[in-house]
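Where a number appears in this text, it was derived from the coordinates with a stated rule and is not lab data. Values in this document were obtained by computation on a predicted structure and should not be read as measured data. In this analysis, Cβ positions are derived from the backbone assuming ideal geometry, glycine residues included, and neighbour counts consider all displayed protein chains.
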Amino acid sequence: MSHSFSITSVKGMEQYLDQNIKILRDKIARFAKTGEAFDLKKLLHFYTIDVLGELAFSRSFGVQASGDESRVPPVIPHTLLGSTLGAWPAMTQTLKQWLPRIPSAGLQNLFAGRAKCAGLAAECVQRRVAEVEEDENKGKVQRKDILTSLILARHPDTGEKIARADLEAEAFGMIIAGTHTTSATTTLLFWNLLHNPEALSKCVQEVDENLTSLDNGKDAYSITEVESSLPFLRTCVKENYRTTPVFTMPLARRMTAPEGIMVAGRHIKQGTSVAVCNHAFHHNPQVWGDDHGVFDPSRWDQPETAARARYLMHFGLGGRQCLGKTLAQSNIYKLTSTLLREFDFQLADPMERGLATNGSFHVVLPELISVGVSDLAGPLMVTANARTQM
């Protein structure tokens with residue numbers, strides 16, 4: 001499955017990113033024309049959901065066009081439910097049987113949210129399998145997407161197809177992992193830039209100096225254009241990963257060595273489940289210094305800090321590393337550079353904007369809500385001015 005997330009594969013589907021960036025640009029342009037404040041967090045979330053639909057299932061969910069929040073996959077409720085049940089693995093089946101029967105509105109909403117995600121995944125698989133079979137019967141060229149690569153996959157020895165239930169499980173995972181994490185990471189990047197105006201100004205200057213105007217009919221900058229020409233933006237993204245990693249759920253691994261292992265002077269026995277919370281590690285002063293709570297992209301210019309990039313765990317590490325890493329990063333670089341070139345963003349609240357200008361947020365992390373997958377608590381209200389003729 002990893003080949004579906006390779007840079008070559010991502011670039012092959014880039015036109016669908018461009019189409020959805022155009023929709024997002026047009027929405028922001030309308031707000032810029034009226035001067036109305038808007039929730040950038042919501043718009044970024046809607047954009048990411050539609051992109052996931054295009055890349056994974058060959059069809060946008062249409063959330064950007066409709067503005068219908070009922071179409072938004074309820075990722076937070078699912079994650080909260082999964083985290084709760086996962087805390088008692090031996091009791092999972094019992095809990096799944098009895099918890100839905102408890103007359104609690106909160107619990108009912110959690111299970112309803114999970115059922116909605118599962119239903120959406122099943123619907124996407126059913127439609128895409130039918131489309132692929134029809135294309136094969138007609139000898140048509142099939143559109144490439146992530147799910148189709150699984151539908152067409154065959155066991156190397158038996159030639160068996162992947163079972164429908166397994167396809168639905170993979171689709172479920174794509175919806176959960178492919179929407180909220182990317183949108184929340186991009187939202188937090190804009191929060192950090194807007195609350196650190198010096199870094200924002202430097203990003204905009206770098207984009208202006210290294211990328212040509214988009215007034216020639218292009219909807220967005222290409223991945224090829226942005227992947228090597230914006231070093232400061234890359235350090236801002238990296239610092240955003242460090243200060244506010246979105247996927248904070250510890251993924252446990254069992255200690256297998258018979259002799260165990262010593263960690264910080266403590267002996268961890270064989271058979272012990274061990275996990276690390278990346279947010280805690282990313283703010284360990286012994287690794288990152290006493291200024292670990294400061295959003296400072298320039299720290300990555302220091303050789304000793306740059307060498308620690310391998311310790312960042314925002315995408316996981318080793319065998320637990322996110323398969324969609326390349327897609328997510330390419331999307332973030334492409335989207336952020338395009339929006340910064342097209343618009344001047346400001347915090348909508350004058351008092352908050354003044355505090356940011358005075359450097360009051362230099363040592364302040366954004367308020368987060370986290371159930372294993374983090375997000376900015378509340379909206380990100382901004383105003384925008386068009387920098388170019390739309």
Computed [θ] at 222 nm, helices only, for the chain once each DSSP H run of length n ≥ 4 contributes -39500 (n - 2.57)
-16500 deg cm²/dmol
Just want the ordering: SER183, SER149, SER104, from fewest to most Cβ atoms lying within 10 Å of their own Cβ.
SER104, SER149, SER183
To make sure I understand, if each residue's beta carbon is the centre and we count other beta carbons within 10 Å, what order do SER83, SER70, SER360 fall in, fewest to most?
SER70, SER360, SER83
Fewest to most neighbouring Cβ within 10 Å: what's the order for MET351, MET249?
MET351, MET249
What's the longest uninterrupted piece of the chain once you rule out the GluC sites (Glu not before Pro) that are loop residues per DSSP with at most 16 other Cβ within 10 Å?
37-159
Residue-ordered couplings for segment 357-369, obtained by feeding phi - 60° into the Karplus form 6.51 cos²θ - 1.76 cosθ + 1.60 and rounding to whole Hz (Gly and Pro as x), are 4, 7, x, 5, 9, 4, 10, 10, 8, x, 6, 10, 10
